[in-house]
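Below: one structure, written as structure tokens.
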Amino acid sequence: MSVPARTDVRHPVLWAVLCSALLVAGYAAAPLRRGSLPLVVVLVVVLAGVVAVPFLFLRRRALVTSDRPLVDAAVTVALMLVTLVVGFLSIYATMARTGRHLPGLDTKVDAVYFTVTTLATVGFGDIHAASEPARVVVTIQMLFDLTVVAVAARLLFGVAQARRTTRAAS
């Protein structure tokens, strides 16, 4: 008698919600002050390099044997997006403390709004990069948005689809 494939998706979704909530709570509680930008940038880069990139490759390997590859791929991509957004909004909120980099960005909520409008390529123009350092960071975010997210999604969903095909054939 064969063991039926696991169809319960609550575990990975709850895990993604918990991780996302912790990231958002960390952002909300973080004291982003004037002069802390170098520290925030270093933390974001370290987290991306030490946590996000290895996480992507670990998830890719796990998808090869997953019972629910599409759900696991979607959860992984969602967590990567939350990590990307929290990283950039932390940088923007810290840059805004000087008042000259991002006019109109006065609160942490403004930073969320600006980050998401940049990610979505909407760019309403009410908050904009007014200094060269701010333009560099926004440009980096746009490059991340276009390449890293697209490549990660393609990689994860490609592996998930291959796993799904393999499972269907057996």
Worksheet entry | Selection from the range 121-150 of residues that are at pLDDT below 90 and within 13 Å of the chain's Cα centre (by Cα) | 144, 145, 146, 147, 148, 149, 150
Discussion item. When you check residue 56 against the structure, is it open to solvent by less than 80 Å² (accessible area, probe 1.4 Å), at pLDDT 75 or above and under 18 Å from residue 145 (Cβ atoms), yes or no?
Written reply: no
Discussion item. So, residue 126, is that one among the acidic types (Asp, Glu), open to solvent by 50 Å² or more (accessible area, probe 1.4 Å) and within 25 Å of residue 22 (Cα to Cα) or not?
Written reply: no
Worksheet entry | Residue match in the range 102-113 (condition: surrounded by fewer than 18 Cβ atoms within 10 Å (Cβ to Cβ) and modelled with pLDDT under 75) | no
Item to complete: Could you look through the range 121-170, keep only residues that are touching an Asp or Glu at 6+ places or on another chain (Cβ under 9 Å) and of a type in the set (Val, Ile, Thr), and pick out the one that is nearest to residue 101 (Cα to Cα)?
Response: 127
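The values are calculated or read from the model by the stated rules, or taken from the named source; none is laboratory data. These numbers come from a predicted model, not from an experiment. With ideal geometry, Cβ positions are generated from the backbone for all residues, glycine too; neighbour counts draw on all protein chains shown. Just the protein is used for accessible areas: all its heavy atoms, side chains included, with ligands, DNA and RNA removed. Shrake-Rupley method; radii C 1.70, N 1.55, O 1.52, S 1.80 Å.
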